[in-house]
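The values are calculated or read from the model by the stated rules, or taken from the named source; none is laboratory data. What you see is a predicted model; the values in this text were computed from it and never measured. Note that we place each Cβ from the backbone using ideal geometry, even for glycine, and neighbour counts take in every protein chain shown. Ligands, DNA and RNA are excluded from the accessible area calculation, which covers all protein heavy atoms including side chains. Shrake-Rupley method; radii C 1.70, N 1.55, O 1.52, S 1.80 Å.
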Amino acid sequence: MKAIQLAEPRQFKQIDIDEPTSPGPGEALVATHRMGICGTDLSGYLGKMPFFRYPRIPGHELGVEVLAVGEGVTNIAPGDRCSIEPYMNCGACFACRNGHGNCCENLNVIGVMVDGGLRERFLVRADKLHPSTKLTYDQLALVETLAIGCHATDRGAPQTGDHALIIGAGPIGLSTLEFTRLTGATVTVMDLVPSRLEFVKKTYGIDHTVVFKGDGSELEQMHEITDGGLYKVVTDATGNNRSMANALNYVAHTGTLVYVGITTDEISFAHPLMHRREMTLKGSRNAMPGDFTRIIGLIEDGTIDTNPWITHRTSFEAMIDNFDDYTKPETGVLKAIVELV
């Protein structure tokens with residue numbers, strides 16, 4: 001059976017692995033049809049993902065087919081199409097006992113801390129599978145990305161009439177946008193790349209976009225957009241420590257700043273800026289089980305359209321040759337999909 005492994009930064013190789021055994025109690029045997037390439041995969045390839053260990057079979061944005069189920073499994077059946085919730089939590093630590101398995105103290109995210117789905121088939125906990133009778137494998141592979149934005153939006157909790165700023169119009173920023181717009185907040189999106197902002201305007205009808213130039217001019221635009229008040233909720237989805245530190249400048253008095261991107265670098269800022277505005281600073285990690293159910297329903301009923309997201313495709317066989325291009329913003333990649341079947 002074939003798999004693709006990231007042996008060390010920038011070194012993929014195709015490997016042969018043992019055929020998985022029959023599923024045990026509470027498990028399912030699944031075949032991977034589609035894998036979405038996300039920022040975690042790109043960071044792991046570039047050697048910038050703090051939770052990544054090599055060698056590793058990547059892949060946690062997955063659309064899979066259930067081949068067999070083990071004893072006691074009732075939520076899915078062979079033949080079901082599913083999205084995978086890739087966060088394998090322990091169920092026993094403080095976070096898990098309090099309903100926050102997304103940030104379990106012993107968390108293993110498939111494709112990051114343990115091997116993921118860039119292989120023909122594998123065993124997975126059945127309770128982490130979310131079925132749909134309507135969605136395609138492409139759509140199912142995008143559910144996890146959307147779940148990150150869903151949870152980040154919940155962490156910031158914007159309300160109707162609030163001004164909300166999303167920094168970074170990559171996949172995580174766009175997934176946050178999907179759910180922030182549903183709250184009724186007035187959304188501004190800022191990015192370095194004008195073409196990404198054009199995508200936001202055309203696809204989502206967002207009126208307020210700001211090109212970040214690094215000269216402070218963005219603040220003048222933001223004051224004009226918000227009538228001087230700045231943003232009740234700011235979400236930084238860049239994973240860039242300089243952007244994350246600078247984001248405090250855009251938060252309104254008593255506002256909230258959410259970090260959904262990950263960086264290995266230190267973030268530093270002058271404390272009076274946070275203190276004077278009585279700012280709330282939050283992290284957002286992974287997503288909740290209910291987010292997956294909600295997102296599948298929103299795609300099924302047409303509230304969320306995933307079609308504009310997929311800009312690039314590759315076969316399993318060509319992925320190694322194509323992957324390096326996906327790390328380069330100038331290639332225009334928003335979401336690349338690997339087709340395994």
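When only alpha carbons are used to place a centre, region 78-144 and region 6-60 end up 13 Å from one another.
Working note: Cα gyration tensor of region 85-185, eigenvalues times five, square-rooted, sorted largest first, giving semi-axes of 27, 19, 12 Å. Past the 17 angstrom mark, what percentage of all C-alpha to C-alpha distances in region 206-341 do you count? Roughly 73 percent, once rounded to a whole number.
Among the listed pairs Lys232/Lys328; Lys232/Lys282; Lys213/Lys328; Lys2/Lys328, those whose Cα-Cα separation exceeds 21 Å are Lys232/Lys328; Lys2/Lys328. Normalising the average separation of contacting C-alpha pairs (under 8 angstrom, six or more residues apart) by the number of residues puts the relative contact order of the chain at 17 percent.
Antiparallel beta bridges, as assigned by DSSP with both residues in the chain, represent about 55 percent of the total such bridges. Each principal axis of the Cα atoms in region 16-55 has its own extent, and those three values, largest first, are 36, 24, 21 angstrom. Shape analysis of region 160-261 yields a ratio of the Cα radius of gyration to the Kirkwood radius, Rg/Rh, of 0.91. If R0 is taken as 22 Å, the Cβ-Cβ distance between Ser315 and Ser195 corresponds to a FRET efficiency of 0.25.
Taken over the alpha carbons of region 63-112 as equal point scatterers, the Debye sum produces base-10 log I(q)/I(0) values at 0.16, 0.24, 0.29 Å⁻¹ of -0.60, -0.90, -0.96. Summed over all non-identical Cα pairs, the Kirkwood treatment of region 6-151 gives a radius of 15.7 Å.
Among the GluC sites (Glu not before Pro) found in region 64-128, those both in a DSSP coil and sparsely packed, with 15 or fewer other Cβ atoms within 10 Å of their Cβ, are Glu71, Glu105. Shape of region 203-281 from the C-alpha gyration tensor: oblate (a/c of 1.5 or more and a/b not above b/c, with a ≥ b ≥ c the square roots of its eigenvalues). The solvent-accessible area of Glu8, taken with every protein chain present and a 1.4 Å probe, is close to 90 Å². Rounded to two decimals, the Cα radius of gyration of the chain over 2.2 N^0.38 Å is 0.99.
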